[in-house]
Amino acid sequence: MWMIYTIGFIVTIVLALGLTPLVKKFAFKVGAVDVPNARKVHTKIMPRLGGLGIYLSFIIALFLLLPFLPDTLTVREVNFIKAFLVGGSMIVLLGALDDRFDLPAKLKFIIQIATACVVVYGFDIRIEFANIPFHTYSSVESWIAIPFTILWIVGVTNAINLIDGLDGLAAGVSAIAIGTIAVMAFIMGNTIVVLLCLLLLGSILGFLYFNFHPAKIFMGDSGALFLGFCLAMLSLLGFKQVAIVSFLTPLILIGVPLSDTLFAILRRWMQKKPIFSPDKGHLHHCLRELGFSHRQTVLIIYGIAAFFGVLAIIQSSAAMYNANWVTFVVICVMMFFLQIGAEVIGLIGKTKRPVLNFIARLRMKVSEERGSK
């Protein structure tokens, strides 16, 4: 398997490096381009459809390696690979059409639900077991598992799209999350997940050569939706195949887009604006306003994503030994740094800093007490 892993990883990088320039020419030819506006950072027309380069590199490498996979694959693993291919292809097609024609949001949502239903009903992929923190490992009733699985696939599929605002940002964050899953899968001995993660990781890294600032091509919805779908599916396999994966682990893995979305909802609610109204208060916008360059902003968010990845590995490893106190510590650490970071950066609002103000008052009080002595 090590030889398959290595060959697959190298092949996907090479394929992505070779296919992405061709996809770029194709995007210009069919008119799948991104025109700059007031909310966007780029100032010139850019080709979309970069996700096709990631998808094609992954699919070609996977088909090349399928004959070399072990014969010991379970029925669920085989169904998972089929669901991955079928569902991923449907999502990429949807994203590619949106990159070209800017499809209505309702239509995209309906097709995403249909794709999730194909995965659940067509290939019997669903959350069957979960190790919920502070509870024992137990089965999940189908009437809960089916709608939750569909909701999970649709939600995570859209998560990466929410942070696709700077060159290389969404691709890099996805690579870090997928790399984290690969590490956890390796620790747990899940060879299929490791292989899929490495193939995806190689495809993303090859694409990042053209997508990192200054980008020559955007991944578009074809890439953002596909990578989100991949994250959703890989975490789903973990729920069943890896009993020690906690319910919280996949949430931590998508911590960057998830927290950015939650803070955006809170910010708009406090400002009495429509929850789904666009603004320039997202994480990358706030970091740019603080004076960080394009590349510095992206690298900072990479660091945040890596921080979430480390927490996910610690949390899932602790779950192996039912160390629920570690889960509690991870949750507290994560929530503390999320709140402090949001207040420093200004994700909620420039004046909404309750924790920082409390710490400042506490320090002032301590200083006054020392001075009085």
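Report the gain in length on full extension from Val30 to Ala360: 0.36 nm times residue separation, minus Cα-Cα distance, nm rounded to one decimal.
On the way: separation 330, 0.36 × 330 = 118.80 nm, distance 5.63 nm.
Gain on extension, Val30 to Ala360, equals 113.2 nm.
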Inter-label distance, nm, simple model (7 Å from Cα along the C-beta direction), Val326/Leu22: 4.5
Residue among Trp143, Trp152, Trp269 with the largest mean-square fluctuation in a Gaussian network model of the chain, springs linking Cα atoms under 10 Å: Trp143
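Sorted by accessible area with a 1.4 angstrom probe, largest first, how do Val11, Val298 fall?
On the way: Val11 45, Val298 0 Å².
The most accessible residue leads, giving Val11, Val298.
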With +1 on the Cβ of every Lys and Arg and -1 on the Cβ of every Asp and Glu, the dipole magnitude of the chain about its Cα centre, in debye rounded to the nearest 20, is 1340
Helix check for the chain. Which DSSP H runs span at least 20 Å along their own axis by Cα, with a mean Kyte-Doolittle hydropathy no less than -0.5? 2-30, 50-65, 75-101, 142-159, 169-188, 191-211, 220-241, 255-270, 294-319, 324-345, 354-372
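So for Cys117, Cys230, what's the accessible-area order with a 1.4 Å probe, most first?
Working: Cys117 40, Cys230 0 Å².
So, going from the largest accessible area down, we get Cys117, Cys230.
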Taking Cα pairs closer than 8 Å and at least 6 residues apart, the relative contact order of the range 1-372 in percent is 21
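If you rank Glu289, Glu369 by how much accessible surface each has, with a 1.4 Å probe, what is the order from largest down? All intermediate terms of the calculation are to be shown ahead of the outcome.
Values: Glu289 115, Glu369 95 Å².
So, going from the largest accessible area down, we get Glu289, Glu369.
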Here the residues of the range 153-181 lying in the modelled label zone of Gln271, meaning backbone nitrogen under 19 Å from a point 7 Å along Cα-to-Cβ, are 162-166
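At a 10 angstrom cut-off on C-beta neighbours, averaged per residue, how do the peptides 168-179, 332-343 rank from highest to lowest? Don't skip to the answer; put the middle values down first.
Working: 168-179: 25.8, 332-343: 15.4.
The peptides rank, most packed first, as 168-179, 332-343.
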Measuring from a point 7 Å past the Cα of Val86 along Cα-to-C-beta, which residues in the range 107-124 have an amide N at less than 18 Å? 111-124
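Report the FRET efficiency, 1/(1 + (r/R0)^6), for Leu262 and Phe68, where r is their Cβ-Cβ distance and R0 is 41 Å, rounded to 0.05.
For R0 = 41 Å, the calculated efficiency reads 0.45.
Determine the alpha carbon to alpha carbon distance for each of Lys25/Lys273; Lys29/Lys272; Lys216/Lys272; Lys29/Lys108 and list only those over 32 Å. Let's see the in-between values first.
Numbers: Lys25/Lys273 40 Å; Lys29/Lys272 43 Å; Lys216/Lys272 38 Å; Lys29/Lys108 24 Å.
Going by Cα-Cα distance, Lys25/Lys273; Lys29/Lys272; Lys216/Lys272 fall outside the 32 Å limit.
How much length, in nm to one decimal, is gained on full extension between Gln296 and Leu107, taken as 0.36 nm per residue of separation minus their Cα-Cα distance?
Details: separation 189, 0.36 × 189 = 68.04 nm, distance 3.62 nm.
In short, 64.4 nm is gained.
For the chain, what does -39500 (n - 2.57) per DSSP helix run (n ≥ 4), summed and divided by total residues, give at 222 nm, in deg cm²/dmol to the nearest 500?
-24000 deg cm²/dmol
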Charges on Cβ only, +1 for Lys and Arg, -1 for Asp and Glu, centred on the Cα centroid of the chain; of Phe123, Gln339, Ile54, which one is farthest towards the dipole's positive end? Gln339
Mind giving me the nanometre distance, one decimal, between the label points for Phe337 and Ile7, set 7 Å out from Cα along Cα→Cβ? 3.9
Highest GNM mean-square fluctuation, the chain, Cα pairs closer than 10 Å: which of Leu107, Leu347, Leu258? Leu107
How much of the accessible area of the range 1-372, probe 1.4 Å, is carbon plus sulfur, in whole percent? 71
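Please report the orientation-averaged projected area of the chain, defined via the convex hull of its C-alpha atoms, in nm².
Details: hull surface 84.5 nm².
Answer in nm², one decimal: 21.1.
The values are calculated or read from the model by the stated rules, or taken from the named source; none is laboratory data. For clarity, every value in this text was computed on a predicted model and none was experimentally measured. Glycine also receives a Cβ, built like all others from the backbone with ideal geometry; neighbour counts cover every protein chain displayed. The area values use the complete protein model at the heavy-atom level, side chains included, leaving out ligands, DNA and RNA. Shrake-Rupley method; radii C 1.70, N 1.55, O 1.52, S 1.80 Å.
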